[in-house]
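Everything on this sheet refers to the single structure shown next.
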Amino acid sequence: MTRRRRLILGATAAAALLYAAVPRPSLRATSYSREVYDRRHRLLSLTLSSDEKYRRWVPLKSMAPSLVEAFVLQEDRHFRRHPGFNPLSLGRAFWRTYALRGRRIGGSTITMQLARMRFGIESSSLGGKLAQILAALRIERHYSKDEILEAYLNAVPMGGNVEGVGSASLVYFGKEADRLTLPEALALAVIPKSPARRASLQEERLSDAAMKARRGLFHRWVAVHPEDRREHGFMDMPLLMRPPGKLPFFAPQFVQAVLAEDPSQASVVSTLDLTKQRLLERKIRSYVERKTRVGIRNAAGLLIHYPTMEVLACVGSADYFNPAIQGQVNGTRAMRSPGSTLKPFIYGLALDQGLIHPASMLKDAPMSFGGFNPENFDQDFAGPIHASEALIRSRNVPAVRLSQELASPGLHGFMRSAGIAPLREESYYGLALALGAAEMTMEDLGRLYAMLANGGTLRPLRDRMTGLRNEGRRLLSEEASFMVLDMLKDNPRPGQSFLPAWTRDSLPVHWKTGTSYAFRDAWSISVFGPYVLAVWVGNFDGQGNPAFIGAEAAAPLMFEVVEGMRSAEPRMTPPLRPDRLDVAQVKVCAVSGQIPGPFCPHRAKTWFIPGRSPIKTCDIHRELLVDVRTGLRACAPGPGVKREVFEFWPSDLMKIFNLARIPRRSPPADNPACGLADRSTRGIPPIITSPQPGLTYSLRAASLSGQTMPLSAVTDADARQTFWFVNERFVGRSRSGEPFFWTPQPGRFVVRVVDDQGRADARDVNVAVVE
């Protein structure tokens, strides 16, 4: 072997080894756009990459074959046959550009174009062109033709800041690359030759320059596919294309939240329903525009499909682009005071713990709870009131009283179990927690109301179609959840003067409002059909407005959305059905809410949980013998004596009736001729309410003689006076229902009260001295 041949072989071997040692380059960009779709795969938003490009990676198999073939036909017909560069094309380009000094042409193959785009090669000079060829060889060394073509089609410039056919098909035509028609595929294929001119749209149509280029490409196409000649007419028709500036931008706060949950996920199919999203956006925008005159400038809303816990619509603010209202804040995740929207859960816990049923009588009167003196929104008191009415009318005192009576878990424990965070210790809020002292988000409230509709089982919200269903945890019984919703359905709509049952085909709406302290937040939340809808009206900066009242500012908006939903879905079914639950409808006294006694004149039906709801026979209505001549109670039947039924209200409730200015007819006074022994066996004995059992009362050593202790008791309606004894020593008397103030001394005592009917109660009390 000659020396020359050995040198050639050595050089060839070295070149082969060097070629084999070329490292594998990456053909992908460093960042890509991210896209979010609704549940029907309608685009909600397409984000820009970190370098401000619309760039998506679409696999070659997910592109229409006509699109792929059109690009090869337009850009590099011999792509499948050359090693990365085409010597004939390069020679022709060199001859026309440099020898003939004609229009500059590149002669680059698809692989060379990919090399230039991915490695940033400046190929306008001969040295740059050589670097481009070497880079193309490097790519061909490590990738198959399909891999190269896939990378090229995902990197090719498609006008403006649009890169790749996947982005172009979505931006310009609103569809995926595998659904492109032949006219659309050919239109995209001609853009890379001159992106600035051919992607410049004329009135949202393909430009004249691109139309001309597409016709030229079509002629070459039919030479290969003569069966497509029938498409010729379409090539002269205008092609509608959407400019990038008109890309969808729906539910921006929701989209941002979904993308933030998993930054690595490029494409998300969310649970959102674009039709319902548009409805909610339209209703909120229209409502805010109409109410601007009263200072309502912002609102938010959330729609949940509670059987699946999927978020179907989410409006974080009335106008995302309005900085005056901080429109980019997500109102569905902002921490706000819920006001009275928490009251249904107090009643649900009380139902589960056997404290009440819907017709139970509660007290709505001025009360002090260790220095906390709750008032109602209307600064008035309704007196004795049924539990269902107290909830519907959102009375504060009954809710606080029930909250105080709850055993563990109370409202604070319930909220902690529900995952409400951040939540301080229970002592921080005290009983004000019942009135919305702890802040939470609209999403939190939505989950809690969905829990009622799901039979007391709390489950997390879902915002994407992937993932397993969470079975959740039970916070209330199915029975209590049903009864709470049943009470809420009787809440009259704003301005409604009739019952929903009076209308034909009425849709039950189980709803509650809330107003936070200083009129900062107005809430309205409802359960209807398979949905939970939450609406908030307020300002993100916390500025109050007297117009921010739940029933007046938020409820009308909520019902506008409900009616819009009902129009689209006229056959909605209510949530929980009682026939599957351990509940029964029982008759109770319409006045007292207790099991009817023999003399209750009016009865009503209420729901009852067997073995759990409180059972007590009504002792309000009693039959008396009345002397028709004196009007006093008669001692025995006889001439001039009639039987008559009277209401016997305990002194505490009678006092509430008086405060609420509700007149009640009192039983007649006793006949002095009747014996006390006989009277003491009738009626209800007094019940001492102060001093309270189990407490040690403290006296300050510096002022022993000037300190008093109130002695009070609840008495029956026929009692007029109470007599107080301490260790069997008479200390004084007071009118029925009024306290007697005793001056105590240190020690242990037995306090006894006797009413003027001879009925009595007693209680131990311990008094200590402190410095």
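The values are calculated or read from the model by the stated rules, or taken from the named source; none is laboratory data. As the structure is a prediction and not an experimental result, all values here were calculated from the model. All Cβ positions, glycine included, derive from the backbone under ideal geometry; neighbour counts span all protein chains shown. These area figures cover heavy atoms from the full protein model, side chains too; ligands, DNA and RNA do not enter into them. Shrake-Rupley method; radii C 1.70, N 1.55, O 1.52, S 1.80 Å.
Here the extension length gained between Ser417 and Ser698 equals 97.4 nm, from 0.36 nm per residue of separation less the Cα-Cα distance.
The overall shape of the stretch 143-251, judged from the alpha-carbon gyration tensor, is oblate: a/c is not under 1.5, and a/b is no greater than b/c. Averaging Cα coordinates gives a centre for the stretch 507-564 and one for the stretch 213-235; these two points are 59 Å apart.
Extension gain for the segment Gln256 to Glu771, taken as residue separation times 0.36 nm less the Cα-Cα distance, is 179.3 nm to one decimal. What is the angle, in °, between the Cα long axis of helix 208-224 and the longest principal axis of the Cα atoms in the chain? Nearest 10 is fine, range 0 to 90. The angle comes out at about 70 degrees. Between Ala669 and Glu563, full extension at 0.36 nm per residue minus the direct alpha carbon distance yields a gain of 32.5 nm. Note that the stretch 226-236 has calculated 3J(HN,Hα) couplings of x, 5, 8, 4, 5, 7, 4, x, 5, 5, 9 Hz, one per residue in order, obtained from phi through the Karplus relation 6.51 cos²θ - 1.76 cosθ + 1.60 (θ = phi - 60°); glycine and proline are x. Distance between the 7 Å Cα→Cβ label points at Arg720 and Lys61: 9.8 nm. Among the GluC sites (Glu not before Pro) found in the stretch 177-216, those both in a DSSP coil and sparsely packed, with 14 or fewer other Cβ atoms within 10 Å of their Cβ, are Glu203, Glu204.
Contact order normalised by length for the chain, with contacts defined as Cα pairs under 8 Å and 6 or more residues apart; what percent is it? Computed over the chain, the figure is 9 percent. Suppose every K and R has +1 on its Cβ and every D and E has -1 on its Cβ; what is the size of the dipole of the chain about the Cα centre, in Debye to the nearest 20? So the dipole magnitude of the chain works out to roughly 3920 debye. Over the chain, DSSP H runs of length four or greater, each weighted -39,500 (n - 2.57), average out per residue to a 222 nm ellipticity of -9000 deg cm²/dmol. Projecting the Cα atoms of Ser592, Gly683, Phe648 onto the charge dipole of the chain, computed from C-beta unit charges around the Cα centre, puts Ser592 farthest toward the positive end.
Placing a pseudo-label 7 Å from each Cα along the Cα-to-Cβ vector at Ala660 and Thr630 gives an inter-label distance of 3.5 nm. With an a/c value of 1.5 or above and a/b not larger than b/c for the gyration tensor axes a ≥ b ≥ c computed over the alpha-carbon atoms, the stretch 231-289 is described as oblate. Taking Cα extents along the principal axes in Å as calculated from this structure, the corresponding entry among [x] 96, 76, 61; [y] 89, 58, 48; [z] 147, 64, 48 is [z].
Which FRET efficiency value, to the nearest 0.05, is calculated for Arg424 and Arg474 with the Förster distance at 25 angstrom and r the Cβ-Cβ distance? Given R0 = 25 Å and the Cβ-Cβ separation, E is 0.50.
Placing unit charges on the Cβ atoms of the charged side chains and taking the dipole of the chain about its Cα centre, the candidate lying farthest along the positive direction among Ile392, Ala299, Ala313 is Ala313.
Solvent-accessible area per residue in the chain equals 47 Å², computed with a 1.4 angstrom probe and all protein chains kept. Averaging the Cα positions of each part gives two centres, and for the stretch 116-142 and the stretch 580-594 these lie 85 Å apart. Separation of the stretch 607-685 from the stretch 312-327 is 61 Å, based on Cα centroids. With a simple spin-label model that places each label point 7 Å from the Cα along the Cα-to-Cβ direction, the separation between Phe249 and Thr617 comes to 7.3 nm. Using the Cβ-Cβ distance between His219 and Arg290 with R0 set to 56 Å, the FRET efficiency from 1/(1 + (r/R0)^6) comes to roughly 0.45.
Taking the Cβ of Phe345 as the center, what net charge do the other residues with Cβ under 14 Å away carry, scoring Lys and Arg +1 and Asp and Glu -1? Taking every Cβ under 14 Å from that of Phe345, the sum is +3.
By the gyration tensor of its Cα atoms, with a ≥ b ≥ c the square roots of the eigenvalues, what is the shape of the stretch 601-734: rounded for a/c under 1.5, prolate for a/b over b/c, or oblate? Oblate, because a/c is 1.5 or more while a/b does not exceed b/c. Positive end of the dipole of the stretch 512-572, charges at C-beta (+1 Lys, Arg; -1 Asp, Glu), about the Cα centre: which of Ala518, Pro546, Met558 has its Cα farthest in that direction? Of the options given, the answer is Met558.
Net charge of the neighbourhood of Pro83, taken over other residues with C-beta under 12 Å away and scored Lys/Arg +1, Asp/Glu -1, is +4. Rounded to the nearest 0.05, the FRET efficiency derived from the C-beta distance between Phe234 and Gln543 at R0 = 51 Å is 0.30. Distances between placed amide hydrogens fall under 5 Å for Gly732 paired with Trp724, all partners being 5 or more residues away or on another chain.
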